[in-house]
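Before any comments, here is the structure.
The values are calculated or read from the model by the stated rules, or taken from the named source; none is laboratory data. Note that the structure is predicted; figures quoted are calculated from it, not measured. With ideal geometry, Cβ positions are generated from the backbone for all residues, glycine too; neighbour counts draw on all protein chains shown. These area figures cover heavy atoms from the full protein model, side chains too; ligands, DNA and RNA do not enter into them. Shrake-Rupley method; radii C 1.70, N 1.55, O 1.52, S 1.80 Å.
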Amino acid sequence: MRQLELRRHARRDPNADRLSAEGRAQAEDVGRAAVATFDVVFVSPAQRAAETAAWFLRGAAQQLPDHAVVPGLGGQDSSGGSVEGMAAGVRALLQRVPEGGRGLAISHTPLVERAALGLTGIEIDPLGECEGVLVTLSDDGSLRVDELRLGRDRSEP
């Protein structure tokens, strides 16, 4: 079995490609609630994605494991971030997670939602900052996708 948490980045600074102070605190808080150790980390080319991963790992009290910048997580692949392209990209990332391990991937909305649709055929509601999906690849080759919601008031900006 292999698992990949595919999450949207934390709240960004409205004037730059970086996290706001609230976003840094948010990613760290979500990391504190993490129940798993991450064996590998993938981020889109956006600075806010790398910062989200760093603050998430800080909250989880984890050192940065093997990691990579993946253009497809930013929609910068030959499919332009299509449903099919995102699903194929997630499948490829799952193969880079060690057997029995768990990876963390930081991407963007609507790319995470497109990946979930491509993997399951089911459209999920838009994700808030730091929300995402947990993709589990079982030993028999079957895929399961579970939503990772923060449980906050959906009326917040």
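Quick notes on this one:
- Surface share of carbon and sulfur [accessible, 1.4 angstrom probe, percent] for the chain: 49
- For region 35-93, the pair-distance distribution built from all alpha carbon pairs, in bins 10 Å wide starting at 0, is 23, 47, 27, 4 percent.
- Here's the picture: charge each Lys and Arg Cβ at +1 and each Asp and Glu Cβ at -1 in region 60-157, and of ALA68, ALA92, SER79 the one pushed furthest to the positive end of that dipole is ALA68.
- Antiparallel bridge percentage (DSSP; both residues within the chain; nearest 5): 50
- Here the convex hull built on the C-alpha positions of the chain has a volume of 103 cubic angstrom per residue.
- Per residue, in Å², the accessible surface of region 1-141 once ligands and nucleic acids are set aside, probe 1.4 Å: 45
- Volume per residue that the Cα convex hull of region 88-143 spans, once the total is divided by residue count, Å³: 79
- Distance between the pseudo-spin-label points of ARG18 and SER142 (7 Å out from Cα toward the beta carbon): 4.7 nm.
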